[in-house]
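Below is one structure; the comments refer to it alone.
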Amino acid sequence: MPPLVLIGLAAVAVWSLVSHRFERWGIAGPAALIVLGALTTVWNVPAFAAAIDTEVSSRVVELILAILLFTDAMEVRGRGLFGGERNATLRLLLIALPLSIMLAALISVFLVPDALLVALVIACVVMPIDLAPAARMLRLGSLPPRVRSILTIEGGYNDGLVAPFFGMSLAVSVAIIKAIEAQPGDQNRILDQGAEDFARVFANAAPSILAAIAVGITLGTCLGLAVRHLHRVGWASDAGIRLVTMLLPLIAFGTAAVIPEINANGFVAAFVTGLAYRIMRTRGMEVRSIPHTELRFIDEVGVLTTNFVWFMLGGTMLVAFSGGVEWTLIVFALLALTLLRIGPAYLSLLRSTVGRRDRLLIGALGPRGTASIVFALLAYNALPSGSTEADYVLVIAVATVVGSVLIHGVVAPAVLGEIDRRRGSAPN
């Protein structure tokens with residue numbers, strides 16, 4: 001086992017023992033683990049940089065993201081694949097998300113002109129939302145249930161929708177950068193290969209999402225019906241169901257990744273599997289939610305894996321910031337977390353049933369987390385090693401996620417928690 005992995009496991013174990021007390025003091029888990037990751041890897045930053053610049057690290061983080069998307073689907077309330085919020089969710093996915101990506105790419109050209117060749121890659125990395133940094137915020141009573149539900153559903157789907165565009169833009173960027181650095185005789189060959197990669201990803205974009213939805217519905221429906229029936233007749237115990245629930249996102253993601261004929265997006269497959277499983281498992285139940293005894297295992301695994309990702313981010317932060325950080329990158333990260341998200345989200349929900357206050361909350365409370373880390377590591381590994389573009393992608397992604405941890409994991413819960421306390425102390 002690599003020493004850094006062992007250190008990471010030990011750090012997560014220590015935090016697991018003391019997290020209850022620290023969180024009562026208002027110290028968020030992601031923020032604390034980022035600090036732990038930075039402190040325990042500062043002694044050998046180059047070794048950590050080499051460790052994350054591998055395909056293995058990307059695959060591990062992808063599996064973690066699949067598990068988290070599945071657990072997000074378990075939290076969706078309401079009926080159907082959109083939890084009863086189809087109109088609002090589709091507006092955010094089909095209007096707000098593309099608009100945010102286009103604006104982010106445009107702004108990055110002006111703020112970070114040296115990263116022109118990866119402008120669209122950067123936009124695809126920083127704009128998908130992920131609820132992992134905002135676990136405390138989502139549990140607070142002052143957050144409207146509808147806002148929580150819409151954010152959960154959007155966070156599950158947007159990774160899969162962005163993935164094809166991320167793949168196309170990355171293929172083009174890699175080809176152009178390699179062609180610029182190559183010998184004159186090799187440039188045409190590299191550009192031709194890049195064009196083929198782009199065409200393949202472009203042609204497979206819509207089919208991969210549709211295939212993922214089909215895989216998710218099939219797996220989730222079959223397993224949900226089987227679990228409901230076998231539990232009712234006394235064949236399946238809660239312990240057995242907990243194991244099935246843990247294995248299901250891995251099966252969904254693996255089916256998409258291992259069987260090339262299906263050509264499905266693994267992230268969408270994992271999320272839709274969770275939605276379909278929840279619908280079938282709770283069919284006929286008065287309360288449309290899966291019993292906590294059946295979700296206890298996957299919830300704990302989700303917390304464990306997420307904690308390890310935050311630890312990795314702490315070390316990655318040292319790698320990204322070791323050469324200094326330009327102020328324009330920080331400005332871009334702040335814009336990505338605020339105006340570039342709030343504006344498109346608010347506009348997309350105009351003339352919908354979502355009220356003005358909720359529109360602002362949905363825009364403002366769009367955290368970034370594991371999805372951005374996954375895409376950033378994929379880009380960092382694919383782009384030429386040591387290239388300026390690879391460094392820019394990593395620095396901007398880390399700055400955005402760390403900023404989100406502070407805003408959505410520390411500041412927002414503190415503000416919403418204060419609102420909860422004032423409501424609790426207010427006279428009836």
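Numbers at a glance
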{"read-out": "Residue list for the range 313-326, restricted to those being closer than 12 Å to residue 38 by Cα and modelled with pLDDT of 85 or more", "value": "313, 314, 315, 316, 317, 318, 319, 320, 321"}
{"read-out": "Residue list for the range 62-107, filter: in a helix (DSSP H, G or I) and in contact with a Ser or Thr (Cβ under 7 Å, 6 or more places away or on another chain)", "value": "64, 65, 67, 68, 70, 72, 87, 88, 91, 92, 95, 96"}
{"read-out": "The range 19-39: number of residues that are open to solvent by less than 60 Å² (accessible area, probe 1.4 Å), assigned to a helix (DSSP H, G or I) and either at pLDDT 80 or above or small (Gly, Ala, Ser) (or both)", "value": "9"}
{"read-out": "Index of the failed condition, residue 368 passing every other in (1) basic (Lys, Arg); (2) closer than 27 Å to residue 168 by Cβ; (3) not in a loop (DSSP other than H, G, I, E, B)", "value": "(3)"}
{"read-out": "Pairs where the first residue, in the range 34-53, is more than 18 Å from residue 394 (Cα to Cα) and the second is of a type outside the set (Phe, Trp, Tyr), C-beta under 6 Å, 6+ apart", "value": "36/11; 40/7; 40/11"}
{"read-out": "Test: residue 40 is of a type in the set (Ser, Thr, Tyr) and under 17 Å from the mean Cα position of the chain (by Cα)", "value": "no"}
{"read-out": "Search result, residues across the range 299-348 that are assigned to a helix (DSSP H, G or I) and of a type in the set (Val, Ile, Thr)", "value": "301, 303, 305, 306, 309, 316, 319, 328, 330, 331, 342"}
{"read-out": "Residue satisfying all of: in the range 257-292; of a type in the set (S, T, N, Q) and surrounded by 16 or more Cβ atoms within 10 Å (Cβ to Cβ); modelled with the highest pLDDT among these", "value": "273"}
{"read-out": "Checking residue 245 against (1) at pLDDT 85 or above; (2) under 29 Å from residue 117 (Cβ atoms), the condition it does not meet", "value": "(2)"}
{"read-out": "Tally, over the range 369-383, of residues that are surrounded by 24 or more Cβ atoms within 10 Å (Cβ to Cβ) and closer than 18 Å to residue 66 by Cβ", "value": "9"}
{"read-out": "Count of residues meeting criterion [in a loop (DSSP other than H, G, I, E, B) and in contact (Cβ under 8 Å) with a residue 60 or more places away in the chain] in the range 277-298", "value": "3"}
{"read-out": "Any hit, the range 240-255, residues being open to solvent by less than 70 Å² (accessible area, probe 1.4 Å), within 16 Å of residue 219 (Cβ to Cβ), in a loop (DSSP other than H, G, I, E, B) and among the small types (Gly, Ala, Ser)", "value": "no"}
{"read-out": "Test for residue 409: is it open to solvent by less than 30 Å² (accessible area, probe 1.4 Å) and modelled with pLDDT under 90", "value": "yes"}
{"read-out": "Pairs with Cβ under 6 Å, 6+ apart, first in the range 333-353 and crowded, with 24+ Cβ neighbours inside 10 Å, second part of a loop (DSSP other than H, G, I, E, B)", "value": "341/366"}
{"read-out": "Residue count, the range 371-404 (criterion: over 27 Å from residue 154 (Cα atoms) and either among the β-branched types (Val, Ile, Thr) or not in a helix (DSSP H, G or I) (or both))", "value": "6"}
{"read-out": "Scope the range 293-332; condition within 23 Å of residue 109 (Cα to Cα) and surrounded by fewer than 20 Cβ atoms within 10 Å (Cβ to Cβ); matching residues", "value": "321, 323, 324, 325, 326, 327, 328, 330, 331"}
{"read-out": "Flag for residue 397 being in contact with a Leu (Cβ under 7 Å, 6 or more places away or on another chain) and either buried (at least 24 other Cβ atoms within 10 Å of the Cβ) or at pLDDT below 90 (or both)", "value": "no"}
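The values are calculated or read from the model by the stated rules, or taken from the named source; none is laboratory data. From a predicted model like this one, the values you see are computed outputs, not experimental measurements. Cβ coordinates were reconstructed from backbone atoms using ideal geometry, including for glycine residues, and neighbour counts include every protein chain displayed. For accessibility, only protein heavy atoms count, side chains too; no ligands or nucleic acids. Shrake-Rupley method; radii C 1.70, N 1.55, O 1.52, S 1.80 Å.
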